[in-house]
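Participant: Handing you this structure, nothing more for now.
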Amino acid sequence: MRKEMVTLHSDVWKYRGNSLMIGSGTGKKRDPMTIKNELKLLKKEREARDRSRKVRDTWQKIDRDGENLTTKEKLERLISLTRREKGPAGKPEPAPIVPRHREPVQFFENPYTLGARYGQVTISLGLEIPGKALALLSHDPAFEGLSLDSALFLDLETTGLAGGTGTLPFLVGMGYYRNGKFNVAQYFLSEMGDEDRMVRELGQFFREMDFKSVVTYNGKAFDLPLLETRFALQRERFPLAGLPHLDFLFSARHLWKHKYENCQLCHLAREIVRADRDEDIPSAEIPIRYFQYVRSGDFSLIEPILYHNQEDILSLLGVVIEGALLFDRGRRPSQDETDAMDLVGIGRLYESAGDLEKSVELFEKALEGELSGEVSIHVRTKLGRHFKKNRAWDKAVPLWQSTAGGDALSSCRELAMYYEHREKKYEEAIRAAEEGLAWATGVSLSYEQDFQKRLERLKIKIRRRQEKSGK
């Protein structure tokens, strides 16, 4: 059902059909934050319709006045006349959507110069990431001989998040470096019944571009399996199968989960890349909008989704670049003023890749800086276990002695065992066990029982030693 906006009075808007209502007309008190978000969404939709109208009017004028121009020349002139200026922060703004009509499949492509900036990241930096960094971030040694100049950044918008054969990817967003630019391209499926055509065109596009690797955000669990399923259902070979795959969600969690409240791509783009983006359209709303478009043909419903998808591709590029830069700084922690929390993230990344020696070096360096209490305890515990396993007691014991709060129970137990079994200093062991018992009482029954038994055993050992020495 097509939505029609009706002005009731200056502070009330109302949509007919499948609608949301804003203002006093409903007789219900609305949450101010909800109203703010809804107004922002309405504003974006109005701006999208204005841009679409401008593009249509400009195209009609070019088509009328440029009889001797080819279609390509007309499109190039249209892009140059309607492209928006960059904002003061230098963020590459998505160009107005100019479809190359391949009904019922539409293709959009927006190129960004290498000197353009997304947030604080210059787009050209992606070409400077060494294969060794990509191999570490992906845990795939196949990346060591590759770079991002042949990679495909991929993000899908779908009719649902459940996956399986019932979920349809109606928008395939792609980013790639070509001819001195970073291009954001999108295949949009206008008619659900013509998926076979989009799959064939995508397959041809993948083969022509000859990508050597794939970069996604949660693509291993969702995007790539879903896209491969759609190709299989259409009995088409999937050209991306078997390519080295960097799913940056896992790397992002290692690098930043302990530092930021969540690792959603939109959130990391704001916090790390310093990109001026909001969660422009809720993910749950995207399938609803597409189904409304299929029924109504109102393309203004889709424009915010196209914008959202372009932002996700640029955000993915930005966080990958920032992650690689962080990895590069972590290679020389003694020569760099890298934030202690970032050093922990790089250490976690090395640890996940199996390079324990490098991760320990970074964790130790991080302890010299400022860490939050919980992260500090976690790092000290991790290092203590490592040094204990390698019998590096001169490093393990100071860590146990300095740990307090949430991990005091474990540290006291480790100290009690060390003094009892290795040093035979039973009095020191008793002090550690008594401190541990004080922490454990009323908090942990298992630790409380452990320390009580340990104290009883230690007292018996001291008495026997005294009896033996007395003889």
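The values are calculated or read from the model by the stated rules, or taken from the named source; none is laboratory data. Nothing here was measured: the structure is a model prediction, and the numbers come from that model. Please note: Cβ atoms are built from the backbone with ideal geometry, for glycine as well, and neighbour counts cover all protein chains shown.
Participant: Of the numbered conditions (1) under 14 Å from ASP155 (Cβ atoms); (2) surrounded by fewer than 18 Cβ atoms within 10 Å (Cβ to Cβ), ARG274 fails exactly one; give the number of that condition.
Facilitator: (1)
Participant: While we're here: Could you tell me whether any residue of segment 144-159 is of a type outside the set (D, E, K, R) and more than 25 Å from LEU255 (Cβ to Cβ)?
Facilitator: yes
Participant: Just a yes or no: is a residue in segment 148-167 over 30 Å from PRO304 (Cβ atoms) and either surrounded by fewer than 16 Cβ atoms within 10 Å (Cβ to Cβ) or not assigned by TED's automatic domain parsing to the domain that holds LEU249 (or both)?
Facilitator: Yes, segment 148-167 has at least one match.
Participant: Residues of segment 429-457 being in contact with a Leu (Cβ under 8 Å, 6 or more places away or on another chain), without any contact (Cβ under 8 Å) to a residue 12 or more places away in the chain and under 26 Å from ARG391 (Cβ atoms), which ones?
Facilitator: none
Participant: OK, next. Going residue by residue through segment 290-303, is there one that turns out to be buried (at least 16 other Cβ atoms within 10 Å of the Cβ), in a helix (DSSP H, G or I), without any contact (Cβ under 8 Å) to a residue 12 or more places away in the chain and touching a helix residue (DSSP H, G or I) at 6+ places or on another chain (Cβ under 6 Å)?
Facilitator: yes
Participant: For ALA252, work out the one condition from (1) part of a helix (DSSP H, G or I); (2) surrounded by 19 or more Cβ atoms within 10 Å (Cβ to Cβ); (3) in contact with a strand residue (DSSP E or B) (Cβ under 6 Å, 6 or more places away or on another chain) it doesn't fulfil.
Facilitator: Condition not satisfied by ALA252: (3).
Participant: Could you list all residues from segment 114-129 that are out of contact with any Asp or Glu (no Cβ under 8 Å at 6 or more places or on another chain) and either surrounded by fewer than 16 Cβ atoms within 10 Å (Cβ to Cβ) or farther than 20 Å from LEU349 by Cα (or both)?
Facilitator: LEU114, GLY115, ALA116, ARG117, TYR118, GLN120, THR122, ILE123, SER124, LEU125, GLU128
Participant: Against the condition among the hydroxyl-bearing types (Ser, Thr, Tyr) and more than 25 Å from HIS378 (Cα to Cα), how does SER315 come out, does it pass?
Facilitator: The answer is yes for SER315.
Participant: Considering every residue within segment 413-423, establish whether at least one is in a helix (DSSP H, G or I), within 38 Å of the chain's Cα centre (by Cα) and buried (at least 16 other Cβ atoms within 10 Å of the Cβ).
Facilitator: yes
Participant: Can you find even one residue in segment 458-468 that is modelled with pLDDT of 90 or more and either within 30 Å of TRP256 (Cα to Cα) or touching a Leu at 6+ places or on another chain (Cβ under 8 Å) (or both)?
Facilitator: No, segment 458-468 contains no residue that is modelled with pLDDT of 90 or more and either within 30 Å of TRP256 (Cα to Cα) or touching a Leu at 6+ places or on another chain (Cβ under 8 Å) (or both).
Participant: Within segment 146-202, how many residues are of a type in the set (A, V, I, L, M, F, W, C), touching a helix residue (DSSP H, G or I) at 6+ places or on another chain (Cβ under 7 Å) and in a loop (DSSP other than H, G, I, E, B)?
Facilitator: Looking only at that region, the number is 2.
Participant: While we're on this one: Restricting attention to segment 169-197, which residues are crowded, with 20+ Cβ neighbours inside 10 Å and closer than 17 Å to PRO225 by Cα?
Facilitator: PRO169, PHE170, LEU171, VAL172, GLY173, MET174 - these are the residues of segment 169-197 that are crowded, with 20+ Cβ neighbours inside 10 Å and closer than 17 Å to PRO225 by Cα.
Participant: If you don't mind, another one. If SER446 satisfies all but one of (1) small (Gly, Ala, Ser); (2) more than 37 Å from the chain's Cα centre (by Cα); (3) modelled with pLDDT under 90, what's the number of the condition it fails?
Facilitator: For SER446, the exception is condition (3).
Participant: I would also like to ask the following. Given the options GLU191, GLU195, GLU236, name the one that is without any contact (Cβ under 8 Å) to a residue 60 or more places away in the chain, farther than 21 Å from ALA162 by Cβ and in the same structural domain as LEU301 (by TED's automatic domain parsing).
Facilitator: Going through GLU191, GLU195, GLU236 in turn, the sole match is GLU236.
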